[in-house]
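A short worksheet on the structure shown next.
The values are calculated or read from the model by the stated rules, or taken from the named source; none is laboratory data. Just so we're clear, the structure is a prediction, and the values are computed from it rather than from any experiment. Every residue, glycine as well, gets a Cβ built from its backbone with ideal geometry; the counts of neighbours run over all protein chains shown. Accessible surface areas use protein heavy atoms only, side chains included; no ligands, DNA or RNA. Shrake-Rupley method; radii C 1.70, N 1.55, O 1.52, S 1.80 Å.
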Amino acid sequence: MVAWLWTTVPFEAGRNGAMAEASAIAAAIAGGGYPAAAAWARWLLFAALVIAAVWMFATVIRRRIGYMRLGVPAVFERHRPGGARNNRGEGGGAYRRGGRTGLGAEVFGHRRLMNDIRSGIMHAVYFYGFIMLQFGALDLIWKGLSGGRPLPIPFYGQFSWLQEATVFLVLLAVIYGGYRRYGERLPRLKKDLKPSIVLWFIGGLMLSILMSLSFERLAVAEPVHAGFAPISAPVSELLANAVERGGWLAHTGFEVFWWLHLLILLSFLVYVPQSKHFHLITAPVNIWFRRNTPPGRLTPLDLENEEAEMFGVGKIEHFTQKQMLDLYACVECGRCTNVCPASSTGKLLSPMHLIVKLRDHLTEKGASITSKSPWLPGSLIYRGKEPSAHVMGAVMPDWDSQGSGEGSEGARSATYRTNIAPTMEVQNAGWTKRAGAKAEELELIGDVMTEDELWSCTTCRNCEEQCPVGNEHVDKIIDMRRYLVLMEGKLPSDGQRALQNIERQSNPWGLPRAERAAWIEECYSRTGVRVDTMAERKQRGKKLPSLLLWAGSMGAYDTRSRKVLFDVIRLLAHAGIDFATLGNEEKSSGDTARRIGNELLFQELCKDNVATFRKYGVSHIVTVCPHTFNTFKNEYPDFGLSAEVRVEHHTELLARLVAEGKLRTTFALEEKVTIHDSCYLGRYNNSYEAPRSLLRAIPGVTVQEMERSGAQGMCCGAGGGLMWMEEHSGTRVNYARTAQALEVKPSVISSACPYCLTMMEDGLRFLSADEQVEARDVAELLAESVFGK
């Protein structure tokens, strides 16, 4: 590990490329080599420093591993319920090894880091610069120990040039990194002094290398050719005005900067595992062990496990060890918070601070439980200090300063323009150490994470999509929601009402269960298409269709969503597809219940629906709702849905029918359409192309992408159960998202989700743009092109 970190230390002073010069150089430094006594003293001091630094480095890592071992052992092979269990009632691990392909793309390819191209390039310079400078570091250290002899490296002159060029590039990256944080002041980056420590370390390492090489040129008789020393040669020429070549001052200068370089390097070694830069070690491990199951698939709870001590996470040690590894892998880059719809609209939740606060709490509570301090050498110097621990203060972002929402258009627009600064400011101010606080006595939900934060998450997973180290934020939030709902019965009143309605009537509004199939008659009267139920087909003795159309609660009860459902039905019938629905046998898919945290209600609904699918031999399901699509496709298999059952979203099925020529777009639509991507269709299931291919197939339609679209798209604000809960701080997420859509001046905002459609229509009304711009489902546009108005 020491050698690996020496990578950070560029350096070098080359030789003309000829190893024959080594003896001459060695003789020049320290007068032909160090005297025996001095050489032994040098080696002993070097060994003492290295051993002390490596001991502290290893001890700090060992202690943090001990903190992680307090967590629930993670199961790294996927099981169905009935397999492995843990003491918080989970059935089956959510993780598999991510594999070498993912590791290579993320660690060596910087795939997610390159989402911000400037920061990505800067980090690539650090990363590959450190790797290249590893060899230079070894060469420089060896020269200082051996009296000037370089390592026997072929093409030494070229090697020297490459090392100095790399040092120069890393120095530029350090300067640019400081500018990005303190000059450009990127909102996602912390601005205090602590993040600058690593810049001083890296800058100090680079400068000590260059100065060592420059003084070496003055100390030796035949330095490496100036052509192979693009930095140290000019610097040494400047120093030559005050330092005599071969004189004692030249030798002393080399010694001072050589030892300074070693001390900075070893100090950095000790600092790394005690800071966010622990990610240098933990991030590759975290990526290797990341989940290889569908993104966002929640780990089932075994509610029948009599040995389960609790359900969900109410203490830091209830997280799995893999989830704790996430905490130490965080680099605090703020990319997650920068794209979070909650953070961007004045809510308290910040995904970066979620990880940081859990990490700090784990470190403090782990130290208390194990009686092993996480800090070295600090704990060896300061003993008997009054206990203290981080506690989250009672703070909320000051979103009102963004604009009152009244008066001029500019003042009004400020209320829905995304801005993470208010959230970043209060999170940084609120998370402070409280004297006398004991970490083991703090409540995870209340003192570390507030309920406001947990209920602000839309579960869009944009944070996870941006995270360069593979952290999984949403699962942690859902686990804490599960604890609140299942163990303490705590959740917002409107969320509680939605769950009660789902439990009693199988829909969030509490409308009569017996009216769930009422849409079938309305569909017939409006479209002329009679949709059979599976039960009706079976009663008539007819062959049951393989395709089941799942109307969902929105399609069955919501007037606006019914229009989309009816157009899907018209298109399927026109394409000659035989299908049926469940009518009153259909129940809620359970997605809302599960994301809010009521796993018990979800599993009851899930098992009932799976039994119904089996009853009719369903082999193919198409849904109009991405949330239902994701739940059926990725989560129902954990509860008995056969892997042979094909689950499709309506855009995927319609795109296939268009490609096969079963649906022909005849009528032109002169529309400028921008696409809002559903999180549960896109980020959860990587389905971005189907809606776009349908729009491209429509004559006259021009597709204009928003600045944030596709994988970078922003949530509408309805996911995670928030469709049924009010937002009580900042501005509404859907207002901000609608404003982003309006920036491209579309005539239609298109979506493929009933929740998104509702949110976009509401946003258009709020922004007084509903008379100029329509919100329509892709299926509605396709139907108009196929059938005409």
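One table, with the values for the structure above:
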{"quantity": "Residues that are farther than 21 Å from LEU695 by Cα and open to solvent by less than 30 Å² (accessible area, probe 1.4 Å), drawn from region 732-748", "calculated": "VAL733, ASN734, ALA736, ALA739"}
{"quantity": "Entirely in region 589-654, the helices (runs of 4 or more DSSP H) that have 2 or more residues that are surrounded by fewer than 22 Cβ atoms within 10 Å (Cβ to Cβ)", "calculated": "599-615"}
{"quantity": "Which listed residue is modelled with pLDDT under 95, among the charged types (D, E, K, R), farther than 25 Å from ARG42 by Cβ and open to solvent by 40 Å² or more (accessible area, probe 1.4 Å), from GLU255, GLU309, GLU317", "calculated": "GLU309"}
{"quantity": "Selection within region 295-306 - surrounded by fewer than 15 Cβ atoms within 10 Å (Cβ to Cβ) and in contact (Cβ under 8 Å) with a residue 24 or more places away in the chain", "calculated": "none"}
{"quantity": "Hits in region 466-507 (condition: over 30 Å from GLU585 (Cα atoms) and either open to solvent by 40 Å² or more (accessible area, probe 1.4 Å) or not in a loop (DSSP other than H, G, I, E, B) (or both))", "calculated": "GLN466, VAL474, ASP475, LYS476, ILE477, ASP479, MET480, TYR483, LEU484, MET487, GLU488, LYS490"}
{"quantity": "Flag for ALA250 being among the small types (Gly, Ala, Ser), assigned to a loop (DSSP other than H, G, I, E, B) and farther than 30 Å from LEU280 by Cα", "calculated": "no"}
{"quantity": "Of residues in region 515-526 being surrounded by fewer than 18 Cβ atoms within 10 Å (Cβ to Cβ) and touching a residue at least 40 places away in the same chain (Cβ under 8 Å), the one farthest from GLY312 (Cα to Cα)", "calculated": "ARG526"}
{"quantity": "Of all residues in region 189-210 being β-branched (Val, Ile, Thr) and open to solvent by less than 20 Å² (accessible area, probe 1.4 Å), the one that is farthest from PRO234 (Cα to Cα)", "calculated": "VAL198"}
{"quantity": "Considering residues of region 749-765 that are in contact (Cβ under 8 Å) with a residue 60 or more places away in the chain and open to solvent by 40 Å² or more (accessible area, probe 1.4 Å) only, the residue farthest from LEU349 (Cα to Cα)", "calculated": "GLU761"}
{"quantity": "Filtered residues of region 692-707 (kept if out of contact with any Lys or Arg (no Cβ under 8 Å at 6 or more places or on another chain), within 26 Å of GLN466 (Cα to Cα), surrounded by fewer than 18 Cβ atoms within 10 Å (Cβ to Cβ) and not acidic (Asp, Glu))", "calculated": "SER693"}
{"quantity": "Any hit, region 434-446, residues being more than 24 Å from TYR67 (Cα to Cα) and more than 20 Å from the chain's Cα centre (by Cα)", "calculated": "no"}
{"quantity": "Residue in region 224-241 that is surrounded by 22 or more Cβ atoms within 10 Å (Cβ to Cβ) and more than 23 Å from VAL125 (Cβ to Cβ) present", "calculated": "yes"}
{"quantity": "Restricting region 340-386 to residues that are farther than 30 Å from ASP400 by Cα and small (Gly, Ala, Ser), the residue that is surrounded by the most Cβ atoms within 10 Å (Cβ to Cβ)", "calculated": "GLY366"}
{"quantity": "Qualifying residue in region 273-280 (condition: surrounded by fewer than 22 Cβ atoms within 10 Å (Cβ to Cβ), in a loop (DSSP other than H, G, I, E, B), in contact with a helix residue (DSSP H, G or I) (Cβ under 7 Å, 6 or more places away or on another chain) and not polar (S, T, N, Q))", "calculated": "no"}
{"quantity": "Residue check for SER214: among the small types (Gly, Ala, Ser), farther than 16 Å from VAL167 by Cα and outside any loop (DSSP other than H, G, I, E, B)", "calculated": "no"}
{"quantity": "Number of the exception - LEU263 against (1) of a type in the set (A, V, I, L, M, F, W, C); (2) in contact (Cβ under 8 Å) with a residue 40 or more places away in the chain; (3) open to solvent by less than 30 Å² (accessible area, probe 1.4 Å); (4) assigned to a helix (DSSP H, G or I)", "calculated": "(3)"}
{"quantity": "Of all residues in region 157-188 being out of contact with any helix residue (DSSP H, G or I) (no Cβ under 9 Å at 6 or more places or on another chain) and of a type outside the set (D, E, K, R), the one that is most open to solvent (accessible area, probe 1.4 Å)", "calculated": "TYR179"}
{"quantity": "Count - residues of region 451-461 that are farther than 10 Å from PRO351 by Cα, in a helix (DSSP H, G or I) and open to solvent by less than 10 Å² (accessible area, probe 1.4 Å)", "calculated": "1"}
{"quantity": "Unmet requirement for PRO512, which otherwise passes all of (1) open to solvent by less than 50 Å² (accessible area, probe 1.4 Å); (2) closer than 21 Å to TRP724 by Cα", "calculated": "(1)"}
{"quantity": "Residues (within 47 Å of the chain's Cα centre (by Cα) and surrounded by fewer than 23 Cβ atoms within 10 Å (Cβ to Cβ)) located in region 211-223", "calculated": "MET211"}
{"quantity": "Within region 144-163, considering residues that are in a helix (DSSP H, G or I), in contact with a Phe, Trp or Tyr (Cβ under 8 Å, 6 or more places away or on another chain) and of a type outside the set (Ser, Thr, Tyr), the one farthest from SER232 (Cα to Cα)", "calculated": "LEU145"}
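Yes/no matrix, rows are residues, columns are (1) touching a Cys at 6+ places or on another chain (Cβ under 7 Å); (2) surrounded by 19 or more Cβ atoms within 10 Å (Cβ to Cβ); (3) under 16 Å from VAL107 (Cβ atoms); (4) hydrophobic (A, V, I, L, M, F, W, C):
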{"residue": "ALA124", "(1), (2), (3), (4)": "no, no, yes, yes"}
{"residue": "GLY129", "(1), (2), (3), (4)": "no, yes, yes, no"}
{"residue": "LEU133", "(1), (2), (3), (4)": "no, yes, no, yes"}
{"residue": "ALA137", "(1), (2), (3), (4)": "no, yes, no, yes"}
{"residue": "LEU140", "(1), (2), (3), (4)": "no, yes, no, yes"}
{"residue": "GLY144", "(1), (2), (3), (4)": "no, yes, no, no"}
{"residue": "GLY147", "(1), (2), (3), (4)": "no, yes, no, no"}
{"residue": "PHE155", "(1), (2), (3), (4)": "no, no, no, yes"}
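Rundown of residues vs (1) acidic (Asp, Glu); (2) in contact with a Cys (Cβ under 7 Å, 6 or more places away or on another chain), yes/no style:
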position	(1), (2)
PHE278	no, no
PRO295	no, no
GLU317	yes, no
LEU325	no, no
CYS340	no, yes
